[in-house]
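Worksheet: the structure to be examined is printed underneath.
The values are calculated or read from the model by the stated rules, or taken from the named source; none is laboratory data. Predicted model only: the values in this text are computed from it and were never measured. Backbone-built Cβ (ideal geometry, glycine too); neighbour counts: all protein chains shown.
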Amino acid sequence: MRQRTEELESSNRALLAACRELESFSYTVAHDLRTPLRSMCGFSSVLLEDYPDRLDADGKEMLHRIGAAAERMGRLVDGILELSVATRSKLRRENVNLSLLAHDVVKVFNELDAGRQVETVIAEGVYAHGDPLLLRQVLENLLGNAWKYTGNAPSPRVEFGAGSQDGEVIYFVRDNGIGFDMRHAAKLFTPFARVHGVGDFKGIGIGLATVQRIITRHEGRIWTEGAPGEGATFYFCLTPAPEGIKR
């Protein structure tokens, strides 16, 4: 029995080391790809701007496609880096007022999308114990998705709050947007996977995967409910705060 336990511990250590090595490799590759991608975008733009008379319509179209492809690849690289940072960065746990973070995130959305009228409901006095920067990233992604997928709703509504179930604090972000088919719920948290068409909504499919990794690092869990045309709700919970910490 002891030998078997030691073998399992050794296998777990080897697996953990392999995962860390893979994360490090992904981060390095993604980081090193940024410079050549910027060069592709830059030189294609220079050719279009400085040599328009030497290019026929087909040549210009090809350069536009090269530039667009390089920009999309750049966004994918940024997504890989975002996912890697969420996994690799050191956790700094403290008491975090999620209500204030949510208000700040929504304020930014309103400033960037001033033409939209979105009803936002944010519960006050919602606290959590965790890394403030990573938890902000969680809210930016969840509230950002809610904001995005209510784009075609006649009366868009986005809500953040928390409740209690079996002594556990459950946080949630809810919207009345496009929703999704629950058969595809697991796919939502897969990096670069998309439930909705690429042309329907902007994005590369990395936000929810990043959220899941952050929640997992906080020893919590995340799940979702939704239906086509009826909106979506994302729930998550975190490790309980130590005694004496405000919740």
> Does Ala186 satisfy the criteria of being at pLDDT 90 or above, over 22 Å from Arg72 (Cα atoms) and small (Gly, Ala, Ser)?
Replying inline: no
>> Ile214 - would you say it is out of contact with any strand residue (DSSP E or B) (no Cβ under 7 Å at 6 or more places or on another chain), on the phi < 0 side of the Ramachandran plot and at pLDDT 90 or above?
In response: yes
> Name the residues in region 137-181 that are in a loop (DSSP other than H, G, I, E, B) and acidic (Asp, Glu), would you?
Replying inline: Asp166, Asp181
>> Return the pair list, or none, for Cβ contacts closer than 7 Å from residues in region 103-122 that are in a helix (DSSP H, G or I) to residues that are hydroxyl-bearing (Ser, Thr, Tyr) and surrounded by 13 or more Cβ atoms within 10 Å (Cβ to Cβ), at least 6 apart or on different chains.
In response: Val106/Thr120
